[in-house]
1. Take the conditions under 24 Å from V167 (Cβ atoms) and either in contact with a helix residue (DSSP H, G or I) (Cβ under 9 Å, 6 or more places away or on another chain) or hydrophobic (A, V, I, L, M, F, W, C) (or both) and apply them to V16. Does it pass?
2. Any residue that is within 14 Å of the chain's Cα centre (by Cα), modelled with pLDDT of 95 or more and surrounded by fewer than 20 Cβ atoms within 10 Å (Cβ to Cβ) - is there at least one of those in segment 29-36?
3. Given the criteria surrounded by fewer than 20 Cβ atoms within 10 Å (Cβ to Cβ), among the basic types (K, R) and touching a strand residue (DSSP E or B) at 6+ places or on another chain (Cβ under 7 Å), does R103 qualify?
4. Mind checking which residues of segment 161-182 are part of a loop (DSSP other than H, G, I, E, B) and more than 14 Å from I144 (Cα to Cα)?
5. Would you pick out the residues in segment 105-122 that are assigned to a strand (DSSP E or B) and touching a helix residue (DSSP H, G or I) at 6+ places or on another chain (Cβ under 7 Å)?
6. Residue check: is N143 more than 28 Å from V51 (Cβ to Cβ), polar (S, T, N, Q) and surrounded by 18 or more Cβ atoms within 10 Å (Cβ to Cβ)?
7. I need a count of the residues in segment 171-188 that are crowded, with 18+ Cβ neighbours inside 10 Å, of a type in the set (A, V, I, L, M) and within 16 Å of V104 (Cβ to Cβ).
8. Can you say whether V203 is modelled with pLDDT under 95 and either assigned to a strand (DSSP E or B) or of a type in the set (A, V, I, L, M, F, W, C) (or both), as far as the supplied structure shows?
Amino acid sequence: MLFLVPAQAATEKKVVLSTLEWPPYTGVKLPDNGRISKLVKDAFNAMGYKVEFKFTPWKRAIRNVRKSKDILGYFPEYYSAARAHEFIFSDTIGYSPIGVLMRVERPVIWDSVADLSKYRIGLVSGYINTDDFDKLVAEGKMNIDYAPSDYSNIKKVIRNRVRGAVVDVNVYNYISLADSNVTKLQAKLTFLNKLLGINKLHVCFKNNEEGQKLNRVLNEGLKKIGHADLNSDRCK
C-alpha cells in the first residue's frame, strides 16, 4: 500500500535556535515568546521555515550551539570580534540600550567608562556589554560582581550589595513593572539619563555551511517582512 505524504509536510523546513529568558525581547510566557523572538520567527516563516526555540540560561544557550548538531544558532547577541571568529552574525534584529542602574541616594558619578572603576559594578556572567567597558574588565581594571541574571543584579542594587549594575534599559523597565518588589522602589532607582551604549542585536549561527545558509535565509526574510530598516546606521 502506498502512503502519500502531504506536500506541506514533505517540504517543511525547520530551524532550532537557542535563546534565554530576557523579557521583553524573549521569554517563554511572553506573547509570541517576545518581540525579538516574533521578529525572528516571522522572518523565517516568510522564507518557508518553521522555527523552534529552546529556552535556557544564557551560557547554556551558547554552549548548546557549540555542542548540539540540531541547534544551529542562538540569539539575541551583541556583536563582538571574539565571537565573530566562532559564529556568523545575522543582520540587525533590534537594539539594546545599556545603562548603569543605581540608587538615587548613592549615585554612580561617571563621565568616561574608566570612571566606573571606582565602584563595585554588577554584571551578568557571560554577557557582552560594550567594547570599552569589557576591555577594562578583561584588563582587571574594574571591580566586578557577577550574577546569573539581570534580575539578580537589580536586586543587588536595591540591597546595596553593588553600587551599580549594567542593565539593558528595556529589560529593567519590564522587570520594574512586572515585579512588585521592584515596582515599589522605582522612584529610588535611576540611570541618570546616561547610557553606556546602544548595542545592535543579532542571531548567531554556527560557522559552517548550514549556518551560512540559514544566515542568508534569515537576512532575506527580514527584508521580505519589511525590517531592512533595522540595519540602518542610526545607532553608530
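The values are calculated or read from the model by the stated rules, or taken from the named source; none is laboratory data. The model shown is predicted, which means the values in this text are computed figures rather than measured ones. Cβ placement follows ideal geometry from the backbone for every residue including glycine, while neighbour counts extend to all protein chains displayed.
1. Spelling it out, it is not the case that V16 is under 24 Å from V167 (Cβ atoms) and either in contact with a helix residue (DSSP H, G or I) (Cβ under 9 Å, 6 or more places away or on another chain) or hydrophobic (A, V, I, L, M, F, W, C) (or both).
2. There is at least one residue in segment 29-36 that is within 14 Å of the chain's Cα centre (by Cα), modelled with pLDDT of 95 or more and surrounded by fewer than 20 Cβ atoms within 10 Å (Cβ to Cβ).
3. In short, yes.
4. So the first thing to find is which residues in segment 161-182 are part of a loop (DSSP other than H, G, I, E, B), and the list is 161-163, 179.
Residue satisfying the conditions is D179 alone.
5. Hit for segment 105-122 is G122, nothing else.
6. Criteria not met by N143.
7. 1
8. no
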